[in-house]
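Chemist: Take a look at the following structure, please.
The values are calculated or read from the model by the stated rules, or taken from the named source; none is laboratory data. The structure presented is a predicted model; accordingly, all values stated were derived computationally and were not measured. Ideal geometry is used to build each Cβ from the backbone, glycine not excepted, and the neighbour counts take in all protein chains shown.
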């Protein structure tokens, strides 16, 4: 089961708009699925002074699924590089279908900039960051080309999380101390226009959250905006999207939360984990657990609390794994397309 971020694009300039609502198990979705409608910043952030693109190390072993057409002098990796630090951490992946156009987001600095902007926002709220997987001080990003076409994958878009986690695990790339954020850059036709997916508590288990960079809904004319931040100190659409999904993988929001609403909260429309937005959404004025009573620093030992997550840096006292972590790391989802070996 997955938490899914659905995009309603805002038309017109100079506005930060959204519409629709977060619904529980809409028609045609698996029981327990939730939909979050997210929004596009109208004005892109300006480039941060002195921004530097960071690349990963070159693979020293035969690549898994390395396409012949990726001819570049820039270094990149097709598997998880040796870690700078021990412990639980978040690993980033840039994934393409077999026939997908390569935008080189893993080596042009864009994924790293997006990841850093997400952590910048979290640090401003908490004084802590998510512990990222790095090598030699640089974000370790795996390049992965899947053995299926975009059309094959699009037909099973509701299971794309399972497909990607299946591939990571059967190829031996998934580690027991990591969560995976996959930037999937293949065209996906959806029924609802989803742009982000992740397992949701309490029933969902998984190590993988996905951003659909090229999602499109023809019946509602909804398109994922491909809206990357341009500054490490500005958290925009994709950063909000994946942070929301990451928190789901960490057990947020627990059923024990006083304002619980289907793995989300219902007490403030500007909360990162709110269940529906009223059209005034803005990442600049977003709360991380409005009132600190549902999922961050609430102090109750019997309810999931982001403040105690073992994926944070510095490591909190009494750090905790996400709920059902042992089930998560043992579970290998079935290949939803079939025949992936």
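Chemist: Go through (1) within 22 Å of residue 238 (Cα to Cα); (2) more than 17 Å from the chain's Cα centre (by Cα); (3) touching a residue at least 24 places away in the same chain (Cβ under 8 Å) and name the single condition residue 176 misses.
Modeler: With (1) within 22 Å of residue 238 (Cα to Cα); (2) more than 17 Å from the chain's Cα centre (by Cα); (3) touching a residue at least 24 places away in the same chain (Cβ under 8 Å) applied to residue 176, the lone miss is (1).
Chemist: Modelled with pLDDT of 90 or more and farther than 23 Å from residue 126 by Cα, is that true of residue 261? Give the steps one after another, and end with the answer.
Modeler: Numbers: modelled with pLDDT of 90 or more: yes; farther than 23 Å from residue 126 by Cα: yes.
For residue 261, the condition - modelled with pLDDT of 90 or more and farther than 23 Å from residue 126 by Cα - is met.
Chemist: Also, I was wondering about something else. Scanning for something under 19 Å from residue 129 (Cβ atoms), in contact with a helix residue (DSSP H, G or I) (Cβ under 6 Å, 6 or more places away or on another chain) and modelled with pLDDT of 95 or more, does segment 306-318 turn up at least one residue?
Modeler: Yes, there is a match, as at least one residue in segment 306-318 is under 19 Å from residue 129 (Cβ atoms), in contact with a helix residue (DSSP H, G or I) (Cβ under 6 Å, 6 or more places away or on another chain) and modelled with pLDDT of 95 or more.
Chemist: Can you tell me which condition residue 231 does not meet? The list is (1) at pLDDT 90 or above; (2) surrounded by fewer than 24 Cβ atoms within 10 Å (Cβ to Cβ); (3) assigned to a strand (DSSP E or B), and all the others hold.
Modeler: (3)
Chemist: Additional query: Out of segment 264-294, which residues are surrounded by fewer than 16 Cβ atoms within 10 Å (Cβ to Cβ) and modelled with pLDDT of 95 or more?
Modeler: Within segment 264-294, 291, 292 meet the criteria.
Chemist: Next question, about the same structure. Can you tell me how many residues within segment 82-104 are in a loop (DSSP other than H, G, I, E, B), at pLDDT 95 or above and crowded, with 19+ Cβ neighbours inside 10 Å?
Modeler: Going through segment 82-104 one residue at a time, the tally reaches 1.
Chemist: Here is a follow-up. Using the structure shown, decide if residue 323 is in contact (Cβ under 8 Å) with a residue 24 or more places away in the chain and either surrounded by 14 or more Cβ atoms within 10 Å (Cβ to Cβ) or under 16 Å from residue 246 (Cβ atoms) (or both). Lay out the reasoning, then the answer.
Modeler: On the way: in contact (Cβ under 8 Å) with a residue 24 or more places away in the chain: yes; either surrounded by 14 or more Cβ atoms within 10 Å (Cβ to Cβ) or under 16 Å from residue 246 (Cβ atoms) (or both): yes.
Yes, satisfied.
Chemist: Let me ask something else. Any chance segment 200-219 includes a residue that's in contact with a strand residue (DSSP E or B) (Cβ under 8 Å, 6 or more places away or on another chain) and at positive phi? Can you show your working first?
Modeler: First, the residues of segment 200-219 that are in contact with a strand residue (DSSP E or B) (Cβ under 8 Å, 6 or more places away or on another chain): 200, 204-218.
Next, from what is left, pick out any that are at positive phi: 206.
Yes, segment 200-219 contains a residue that is in contact with a strand residue (DSSP E or B) (Cβ under 8 Å, 6 or more places away or on another chain) and at positive phi.
Let's see how each residue does on (1) modelled with pLDDT of 90 or more; (2) under 18 Å from residue 132 (Cβ atoms); (3) assigned to a helix (DSSP H, G or I):
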residue: 179; (1), (2), (3): yes, yes, no
residue: 192; (1), (2), (3): no, no, no
residue: 195; (1), (2), (3): no, no, no
residue: 227; (1), (2), (3): no, no, no
residue: 253; (1), (2), (3): yes, no, no
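Chemist: From the list 125, 169, 175, pick out the single residue that is surrounded by fewer than 24 Cβ atoms within 10 Å (Cβ to Cβ) and in a loop (DSSP other than H, G, I, E, B). Can you show your working first?
Modeler: Details: 125 fails: in a loop (DSSP other than H, G, I, E, B); 169 fails: in a loop (DSSP other than H, G, I, E, B).
Step by step, each of 125, 169, 175 is checked, and only 175 is surrounded by fewer than 24 Cβ atoms within 10 Å (Cβ to Cβ) and in a loop (DSSP other than H, G, I, E, B).
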